[in-house]
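Only one structure is covered here, and it is reproduced in the block below.
Please treat every number below as a calculation from the coordinates, not as lab data. Everything numeric here is computed off the predicted structure, so don't read it as measured data. Please note: Cβ atoms are built from the backbone with ideal geometry, for glycine as well, and neighbour counts cover all protein chains shown.
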Amino acid sequence: QVQLVESGGGLVQAGGSLRLSCAASGMIFSIAAMGWYRQAPGKQRELVASITRDGSTNYGDSVKGRFTISRDNAKKTVYLQMNNLKPEDTSVYYCTARYVGNDYWGQGTQVTVSS
């Protein structure tokens, strides 16, 4: 029912910024919540940020004050603005969406932060 495609990843120096986007497609009407997770090699998957349809947000402790999540409900797209990036932010970032009780995942986009 829902397909998710991430974009915007890449290589950036420490202190720089990137903006990730995730577009949902398919025969869908209203997505309850969307978010971003990340998983680095040898690390457990962790929540980066999430946002509900009405705009309520939640952030992982390690990114608070640096990352901002937003969404465009009409475009069925979620964004992640990442500022003041650190080498420890290096990871594969995955977009997720909840729709009619089911969770969907994108294929992931690589973010690499050099020191």
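Evaluate the following for Gln1: is it touching a Phe, Trp or Tyr at 6+ places or on another chain (Cβ under 8 Å) and not in a strand (DSSP E or B)? Break it down into steps so the answer makes sense when it comes.
Working: touching a Phe, Trp or Tyr at 6+ places or on another chain (Cβ under 8 Å): yes; not in a strand (DSSP E or B): yes.
Criteria met by Gln1.
Of all residues in region 87-105, which are surrounded by 13 or more Cβ atoms within 10 Å (Cβ to Cβ) and among the charged types (D, E, K, R)?
Asp89, Arg98
This table checks each residue for (1) loosely packed, with under 11 Cβ neighbours inside 10 Å; (2) in a loop (DSSP other than H, G, I, E, B); (3) among the polar types (S, T, N, Q).
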position	(1), (2), (3)
Ser62	no, no, yes
Thr68	no, no, yes
Tyr79	no, no, no
Leu85	no, yes, no
Gln107	no, yes, yes
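In region 27-38, is there at least one residue being of a type in the set (Ser, Thr, Tyr), within 14 Å of Cys95 (Cβ to Cβ) and surrounded by fewer than 15 Cβ atoms within 10 Å (Cβ to Cβ)? If you could, list the steps in order and put the result at the bottom.
Filtering region 27-38 for residues of a type in the set (Ser, Thr, Tyr) gives 30, 37.
Still in the running and within 14 Å of Cys95 (Cβ to Cβ): 37.
Still in the running and surrounded by fewer than 15 Cβ atoms within 10 Å (Cβ to Cβ): none.
No, there is no match, as no residue in region 27-38 is of a type in the set (Ser, Thr, Tyr), within 14 Å of Cys95 (Cβ to Cβ) and surrounded by fewer than 15 Cβ atoms within 10 Å (Cβ to Cβ).
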